[in-house]
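I have placed the structure first, in the form of structure tokens, so that the comments after it can refer back to it.
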Amino acid sequence: MRVNCSSSSACTANSSEGELPVGLEVHGNLELVFTVVSAVMMGLLMFSLGCSVEFRKLWAHIRRPWGIAVGLLCQFGLMPLTAYLLAISFSLKPAQAIAVLVMGCCPGGTISNIFTFWVEGDMDLSITMTTCSTVAALGMMPLCLYLYTLSWNLEQNLTIPYQNIGITLVCLTIPVAFGIYVNYRWPKQSKIILQIGAIVGGVLLLVVAVAGVVLAKGSWNSDITLLTISFIFPLIGHVTGFLLALLTHQSWQRCRTISLETGAQNIQMCVTMLQLSFTAKQLVQMLSFPLAYGLFQLLDGFLIVAAYKMYKRRLKNEHRKKDTGCAEGCHKKKSTSLKETGAFLEVNEVAVTPGPSVPMDFHTAFESTSHISSSTYA
């Protein structure tokens, strides 16, 4: 397989765009909706999430890019390898295997940033990883595709969507830069923007999910194997990313961040690359996979967030019970101490009660001695 690094869409694979089958017209509408909604979503999310980024911490990640290196290893090491192994293990058709492999070679998507915020991950690392993986995709995507397709002997040009990568970088860096500036100048207002952006981002994610289900209803592939792969692929990415981050002694916060970054792929870039590289008839068999992957990664992200929130609530309840038990124990201990102190005082009072008789006896003895002495001298 040859990798065509041209960003032009004027190739033989796209010369049949006017001859789209009936089922593929839905994909055209779906692409338009996803393009508009994802552009709006990306701008709003990146600006609002940029309000949580501090330039000092961002610069620290750049100066010591250990976390970024682990993330890139997961993104362009584990994910392409996982895609290749899944395609071989399930004996996929050539067109379907290419779709799975292209998805595995794509950089991380911005959807991981909003999920990272919801699980209280390292936002500075998350945004840095998304940016770095998008930049690295300029060279790593063609390299990974070339290496993993050598044994397949397929004569098909793959067009790397450099234009799409450039647009993604612009939509990512500019809103984040504005968000960082707002956080630096107006830290109180940035917190409000961050909360509003998180809510708007969640609503937009739901809109994208509903739009994907409704518009792609008539074009879902009935192949259960491909749907199974689209379900387990992001899960494998989340688990392996977390384990690799844990093995490299990253903090729990960074482990959550790297896990979400690994499993969340750039769906828009995968769809664009497939459309630039294959004919309309081939796309009928291929486009259902990235759409299904996108919906399942949304579902996985919401499940991870829900599990984390439940875990935090459980810890909070246990901490509250512990504090309540400690307070009751301290109160009992204090009451016992007061009782012991009262008993001690009562004992002392009893012991001190005959005290006044001592001076009286001493006085009486003194008087007796004086009386005897005076009588003697008399």
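The values are calculated or read from the model by the stated rules, or taken from the named source; none is laboratory data. None of the values given here were measured: they were computed from a predicted structure. Virtual Cβ from ideal backbone geometry, glycine too; neighbours counted across all protein chains shown. For the accessible areas, the whole protein counts, side chains as well, though only heavy atoms, and no ligand, DNA or RNA atoms are used. Shrake-Rupley method; radii C 1.70, N 1.55, O 1.52, S 1.80 Å.
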Q) By per-residue mean of other Cβ atoms within 10 Å, what is the highest-first order of 288-297, 265-274? A) 265-274, 288-297
Q: Run the 1.4 Å probe and let me know the accessible area of Trp66, rounded to the nearest 10 Å².
A: 150
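Of all accessible surface on segment 160-288 at a 1.4 Å probe, what whole percent is carbon and sulfur? Mind showing how you got there, number by number?
Values: 4440 of 6090 Å².
Here it works out to 73 percent.
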(Q) Starting from the 7 Å offset along Cα-to-Cβ, what nm value, one decimal, do you get for the label separation of Arg56 and Val200? (A) 2.9
(Q) Could you give the length gained by full extension between Ala177 and His319, i.e. 0.36 nm per residue of separation minus their alpha carbon distance, to one decimal place? (A) 47.3 nm
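Net charge around Leu58, counting only other residues with Cβ within less than 15 Å of its Cβ (Lys, Arg = +1; Asp, Glu = -1)? Each step should come with its number before you reach the end.
Values: positive: Arg56, Lys57, Arg63, Arg64, Arg254; negative: Glu54, Asp122, Asp124.
Net of charged neighbours comes to +2.
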Q: Determine how large the accessible area of Ile258 is when every protein chain is in place; take a 1.4 Å probe and give Å² rounded to the nearest 10.
A: 0
Q: Could you tell me the accessible area of Arg185 in Å² (1.4 Å probe, neighbours in place), rounded to the nearest ten?
A: 120
Q | Using a Förster distance of 51 Å, the FRET efficiency for Glu120-Lys281 (Cβ separation, nearest 0.05) | A | 0.65
Q.
If a paramagnetic tag sat 7 Å from the Cα of Lys309 along the Cα-Cβ line, which residues of segment 221-261 would have the backbone N under 14 Å from that point?
A. none
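Would you please give the FRET efficiency between Phe302 and Ala39, computed as 1/(1 + (r/R0)^6) with r the Cβ-Cβ distance and R0 = 22 Å, to the nearest 0.05?
Numbers: r = 22 Å, r/R0 = 1.01.
The value I calculate is 0.50.
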